[in-house]
Amino acid sequence: MKAALLTAPKKIEIADLEMPTIKNDDVLIKIKRVGVCGSDNHMYNKGEIAFSKVKFPFILGHECSGEVVEIGKDVKNIKIGDRVAIEPSTHCGKCEYCRKGLFNLCDEYHFLAAPPDNNGAFVEYLTHRYDHCFLIPENISFDEGSLVEPLAIVIQAFEISNFNIGDNILIIGSGTIGLLILMLLKSIGADKCVVIDYFDSKLEIAKNIGADLTINAGDKDLLAKAKIFSKGKGFPVIFDSAGKENSLNIGITLAKKCGTIVVVGISDEKASFNIVDIISSMLTIKGTTDFSNNIFSKAISLIGNKKVDVMKIVTHYFNLNELGKAFENINDNSRNTIKTIIRIN
């Protein structure tokens, strides 16, 4: 089978690999589509992410969908020919976190394309545990199926956010995650949503999707404009999809008293902030990673019921043998690139 290997930072090679073999509880999936995540691009550029270094050669990609072509003898409720969205994680199901439904905190948590050597989905065929493969109905395309995973990330962040219907919301960053947060919140009853980003082109997409106010992060009046919009009270819930020192400090400044900041974005930066600001306003800052129990099913339902139109964020398509070109386009054309999807089969 064909596979795209990251052999060094900024170097992708297309190689022929042996077909994977399945275990009793695995399915073999003919991969159809894989979305390019920001974490993929970070590893492409630097060979590491969040202080975890890649072991080369390495296969990126974890936002994936495909068709089941072989099943192990212990597989249940999945058959050959089924269309699936792949939950890229696996967990033990036995530790204290799994027993609470917090599979993303499992002691034996594994994730596709996670350094140093958990290879990912930029391949023609992939084996995966059957209970982490979710059937997608005919009204969900393989393109949409590859976007179930980032929407699941967003649902996870929403569910820990203390959001109440009618809240005014601030979203920092209008990339894939920020825009999906905007669509989700608009579909379930947010009042007004403000989006901040450095790129006007991305803010224009946010405006078209439903943002009530967009502000360029370089605007010298950023804080004043946001505070006026919140009538001087601040925002009860803020989603930080950038995960950087500057974005966190913007969030702390613009949070309402007793407000909640959910940090969804990830970077390898260390951040400093004024603890007094957090204490004096009784703020809650929550981190979130991946997704826990039953989130994937919720994401599929939202897409299938047309509550969240994930295709609005897709800006580019490439084929597997063009993966290096896809990454270079993201780097060179970042202001006009939101979600890139790689066509595999």
Flagged in the range 58-77 as buried (at least 18 other Cβ atoms within 10 Å of the Cβ) and either out of contact with any strand residue (DSSP E or B) (no Cβ under 6 Å at 6 or more places or on another chain) or not in a strand (DSSP E or B) (or both), in numbering order, are 59, 60, 61, 62, 75
Does residue 261 satisfy being in a strand (DSSP E or B), within 28 Å of residue 40 (Cβ to Cβ) and either among the hydroxyl-bearing types (Ser, Thr, Tyr) or in the same structural domain as residue 198 (by TED's automatic domain parsing) (or both)?
yes
In the range 288-302, anything closer than 18 Å to residue 102 by Cβ and in a helix (DSSP H, G or I) is listed as 295, 296, 297, 298, 299
Residue 204 versus (1) more than 30 Å from residue 71 (Cα to Cα); (2) in a loop (DSSP other than H, G, I, E, B); (3) acidic (Asp, Glu): which is the lone unmet condition?
(2)
Residue pairs within 6 Å by beta carbon, gap of at least six or interchain, first lying in the range 93-104 and surrounded by 11 or more Cβ atoms within 10 Å (Cβ to Cβ), second aliphatic (A, V, I, L, M), listed first then second, are 97/105
Here are 266, 285: which of them is without any contact (Cβ under 8 Å) to a residue 40 or more places away in the chain and either surrounded by fewer than 21 Cβ atoms within 10 Å (Cβ to Cβ) or not in a loop (DSSP other than H, G, I, E, B) (or both)?
285
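Yes/no matrix, rows are residues, columns are (1) in the same structural domain as residue 52 (by TED's automatic domain parsing); (2) modelled with pLDDT under 95; (3) within 22 Å of the chain's Cα centre (by Cα); (4) not acidic (Asp, Glu):
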residue	(1), (2), (3), (4)
233	no, yes, no, yes
251	no, no, yes, yes
254	no, no, no, yes
271	no, yes, yes, yes
298	yes, no, yes, yes
326	yes, no, yes, yes
331	yes, no, yes, yes
Taking the range 176-197 as the search range and keeping residues that are modelled with pLDDT under 95 and among the small types (Gly, Ala, Ser), which one is nearest to residue 290 (Cα to Cα)?
187
Note down all Cβ pairs under 6 Å where the first residue falls in the range 324-345 and is touching a residue at least 40 places away in the same chain (Cβ under 8 Å), the second is assigned to a helix (DSSP H, G or I) and basic (Lys, Arg), and they're at least six residues apart or on different chains.
none
Those residues that are under 20 Å from residue 163 (Cα atoms) and of a type in the set (Ser, Thr, Tyr), I need them from the range 243-272; list them, please.
247, 253, 260
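Could you check, for the range 182-190, whether at least one of its residues is part of a strand (DSSP E or B), surrounded by 21 or more Cβ atoms within 10 Å (Cβ to Cβ) and not hydroxyl-bearing (Ser, Thr, Tyr)?
The answer is no, given that none of the residues of the range 182-190 is part of a strand (DSSP E or B), surrounded by 21 or more Cβ atoms within 10 Å (Cβ to Cβ) and not hydroxyl-bearing (Ser, Thr, Tyr).
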Cβ-Cβ under 6 Å pairs, at least 6 apart or on other chains, the range 160-177 side touching a residue at least 24 places away in the same chain (Cβ under 8 Å), far side of a type in the set (D, E, K, R) and in a loop (DSSP other than H, G, I, E, B):
166/191; 168/191; 168/192
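The values are calculated or read from the model by the stated rules, or taken from the named source; none is laboratory data. None of the values given here were measured: they were computed from a predicted structure. Cβ sites come from the backbone with ideal geometry, for glycine too, and all protein chains shown count toward neighbours.
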